[in-house]
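The values are calculated or read from the model by the stated rules, or taken from the named source; none is laboratory data. Everything quoted here is computed from the prediction, not taken from an experiment. FYI the Cβ positions are ideal-geometry reconstructions off the backbone, even for glycines, and counts take in every protein chain you see. Ligands, DNA and RNA are excluded from the accessible area calculation, which covers all protein heavy atoms including side chains. Shrake-Rupley method; radii C 1.70, N 1.55, O 1.52, S 1.80 Å.
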There are 2 protein chains.
Amino acid sequence: MLVSDPVIVVTTVDSQGRPNGAAFGSYMRVAPLIMVAIAPGHDTYRNIKDTGEFVVNLPGKDRLDSITVFGKSYPEGVNEIEEAGLTALKSSMVKPPAIEEYKAHVECKFKWEKDVGSHMLVAGEMVAGSCDAGLMDENGHFDVVKAGIVHCVRYPEPVYVTPERYIEGKR
Amino acid sequence: MLVSDPVIVVTTVDSQGRPNGAAFGSYMRVAPLIMVAIAPGHDTYRNIKDTGEFVVNLPGKDRLDSITVFGKSYPEGVNEIEEAGLTALKSSMVKPPAIEEYKAHVECKFKWEKDVGSHMLVAGEMVAGSCDAGLMDENGHFDVVKAGIVHCVRYPEPVYVTPERYIEGKR
């Protein structure tokens with residue numbers, strides 16, 4: 001049973017300020033924290049430990065192919081944002097850039113980590129966020145249907161689903 | 001920005017064996033663990049601490065209304081499974097029952113907890129699981145479209161989304 005969160009791309013910089021991006025699917029939010037499961041050998045893990053900062057970026061289905069790039073392994077120092085044909089967007093509170101073409105960005109400061117077996121659970125405090133103004137509805141909610149957020153439901157041959165309409169529930 | 005995991009209903013029993021069920025939306029999987037954010041005053045939290053066991057149940061959109069029942073507060077000892085008009089299904093490895101009408105069930109044994117601020121992160125090891133045989137595709141994948149799993153994207157006036165078709169990605 002593989003039922004996943006929306007795919008996120010985590011952007012970081014290394015100790016020399018060089019940007020890195022990688023796709024993740026296993027994370028959770030308990031405000032003000034976001035916790036991401038990251039393998040301890042991963043560049044993203046090392047960069048977060050070295051700099052204390054990361055940005056969570058939410059791709060839309062219009063940039064589905066770029067997720068493939070962020071899922072691959074590149075040598076240290078390769079800028080996956082450029083490899084994916086995307087644009088670095090200056091963050092407001094942290095050094096790592098966000099991804100301009102993606103739908104929403106959450107800037108985070110490292111708080112703690114916990115060993116959960118195969119991965120480290122890396123917790124960051126969400127300190128700033130941005131999204132396209134056109135993706136907020138009249139009540140200030142982020143419109144997941146218009147944004148076309150993507151959930152990866154098969155891996156490594158990727159298959160995605162995306163929300164296509166809202167269903168009203170009862171309170 | 002509220003972009004959630006599929007809704008789950010966690011079933012537990014209290015120290016006297018009385019079943020309880022409640023809906024949660026903040027959790028993650030890092031095999032073999034599942035970690036659920038639970039408020040420490042919640043019956044589900046007390047039951048897991050008392051008995052060391054819980055079951056994660058995945059509702060489909062055909063039982064959307066039942067999620068509302070599992071989101072409400074009831075006095076201790078009320079059986080929310082009965083309140084929701086659903087059927088308790090005997091689990092194979094743990095005492096808490098699963099929910100027969102729901103699409104998939106994962107039996108868990110408590111491993112550890114971590115205070116993450118407003119909630120406790122409660123980690124259980126997934127020890128057994130079941131789903132409708134008709135929901136497995138030829139490769140043994142759980143079919144989230146056929147199951148009609150539901151993501152809650154607005155709260156407390158609930159609005160849901162459900163996957164409606166698959167989108168092939170590139171490796």
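Filtering the stretch B:81-93 for residues that are part of a helix (DSSP H, G or I) and touching a strand residue (DSSP E or B) at 6+ places or on another chain (Cβ under 7 Å) leaves a non-empty set.
Would you check if there is a residue in the stretch B:96-113 being touching a residue at least 12 places away in the same chain (Cβ under 8 Å), touching a Cys at 6+ places or on another chain (Cβ under 7 Å) and β-branched (Val, Ile, Thr)? No, there is no match, as no residue in the stretch B:96-113 is touching a residue at least 12 places away in the same chain (Cβ under 8 Å), touching a Cys at 6+ places or on another chain (Cβ under 7 Å) and β-branched (Val, Ile, Thr). Residues that are modelled with pLDDT under 90 and charged (D, E, K, R) within the stretch B:147-167 comprise B:Arg154, B:Glu157, listed in sequence order. Summed over the stretch B:63-78, the residues that are within 16 Å of the chain's Cα centre (by Cα) and either closer than 25 Å to B:Leu135 by Cα or surrounded by 14 or more Cβ atoms within 10 Å (Cβ to Cβ) (or both) give a count of 9.
Could you tell me how many of the residues in the stretch B:1-38 are assigned to a loop (DSSP other than H, G, I, E, B) and open to solvent by 40 Å² or more (accessible area, probe 1.4 Å)?
The initial filter retains those residues of the stretch B:1-38 that are assigned to a loop (DSSP other than H, G, I, E, B), namely B:1-5, B:7, B:14-18, B:25-26, B:31-32.
Pick out the ones that are also open to solvent by 40 Å² or more (accessible area, probe 1.4 Å) and you get B:1-2, B:15-18, B:31-32.
Residues in the stretch B:1-38 being assigned to a loop (DSSP other than H, G, I, E, B) and open to solvent by 40 Å² or more (accessible area, probe 1.4 Å): 8 in total.
Condition check for B:Phe70 on (1) part of a helix (DSSP H, G or I); (2) out of contact with any strand residue (DSSP E or B) (no Cβ under 9 Å at 6 or more places or on another chain): one failure, at (2). Restricting the stretch A:121-142 to residues that are of a type outside the set (A, V, I, L, M) and within 9 Å of chain B (Cβ to nearest Cβ), the residue that is most open to solvent (accessible area, probe 1.4 Å) is A:Asn139.
So which residues in the stretch A:111-162 are within 17 Å of B:Tyr166 (Cβ to Cβ) and of a type in the set (Gly, Ala, Ser), if there are any at all? Hit for the stretch A:111-162 is A:Gly148, nothing else.
When you scan the stretch B:45-59, do you find a residue that is more than 14 Å from chain A (Cβ to nearest Cβ), crowded, with 22+ Cβ neighbours inside 10 Å and within 23 Å of B:Gly134 (Cβ to Cβ), even just one? Taking every residue of the stretch B:45-59 in turn, none turns out to be more than 14 Å from chain A (Cβ to nearest Cβ), crowded, with 22+ Cβ neighbours inside 10 Å and within 23 Å of B:Gly134 (Cβ to Cβ). Restricting the stretch A:65-102 to residues that are touching a Leu at 6+ places or on another chain (Cβ under 6 Å) and charged (D, E, K, R), the residue that is nearest to A:Cys152 (Cα to Cα) is A:Glu101. Every condition in (1) at pLDDT 95 or above; (2) within 14 Å of chain B (Cβ to nearest Cβ); (3) under 17 Å from A:Val127 (Cβ atoms); (4) more than 12 Å from the chain's Cα centre (by Cα) holds for A:Met35 except the one numbered (4). May I ask you to list the residues in the stretch B:146-171 that are closer than 21 Å to B:Gly25 by Cα, among the β-branched types (Val, Ile, Thr) and within 7 Å of another protein chain (Cβ to nearest Cβ)? Result: B:Ile149, B:Val153, B:Val159, B:Val161, B:Thr162.
Given A:Val13, A:Val9, which one is at negative phi, more than 9 Å from every other protein chain (Cβ to nearest Cβ), touching a Lys or Arg at 6+ places or on another chain (Cβ under 8 Å) and of a type in the set (A, V, I, L, M, F, W, C)? I'd like the intermediate steps shown before the answer.
Details: A:Val9 fails: touching a Lys or Arg at 6+ places or on another chain (Cβ under 8 Å).
Every option except A:Val13 fails the conditions.
Suppose the filter is free of Cβ contacts under 8 Å to residues at least 12 places away in the same chain and of a type outside the set (S, T, N, Q); does B:Asp143 pass it? Yes.
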